[in-house]
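This report refers to the structure that appears directly beneath it.
Each value in this text was obtained by applying a stated rule to the coordinates, not by laboratory testing. Here the structure is a predicted model, which is why all the values come from computation and not from measurement. Here the Cβ positions follow ideal geometry from the backbone for every residue, glycine too, while neighbour counts run over all protein chains shown.
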Amino acid sequence: SGGGDDDASSAAGGGGGNMGLIEGLRTLVAESGPSALFNGLGGRCLWAGSIIAGQFFLYDVFRTALGVNADDLTQVLEVTIDGAAGR
């Protein structure tokens, strides 16, 4: 593409400026069907699941490395709740 303009209006063939959200959605559905609204959803779910699993993994690694067990976490929770309640 000569001008390097990669926005939604040029991709949809509008060419003459920026397209609004509703107009862009209507154009997308008209050209590619309603399923086009879900393009990339599988990859995004895989990405998010991987990030969350990695966070749980790191939590477990550091919890184990620091010797923190479930009783320690319960005590911290009780202190936090009591502090918030003003006891």
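From (1) part of a helix (DSSP H, G or I); (2) surrounded by fewer than 10 Cβ atoms within 10 Å (Cβ to Cβ), pick out the condition that doesn't hold for VAL29.
The single condition VAL29 does not satisfy is (2).
Of everything in region 60-87 that's of a type in the set (D, E, K, R) and part of a helix (DSSP H, G or I), which residue is surrounded by the fewest Cβ atoms within 10 Å (Cβ to Cβ)?
Checking each candidate, the answer is ASP71.
In region 33-43, is there at least one residue being surrounded by 10 or more Cβ atoms within 10 Å (Cβ to Cβ), among the hydroxyl-bearing types (Ser, Thr, Tyr) and in a helix (DSSP H, G or I)?
No: region 33-43 contains no residue that is surrounded by 10 or more Cβ atoms within 10 Å (Cβ to Cβ), among the hydroxyl-bearing types (Ser, Thr, Tyr) and in a helix (DSSP H, G or I).
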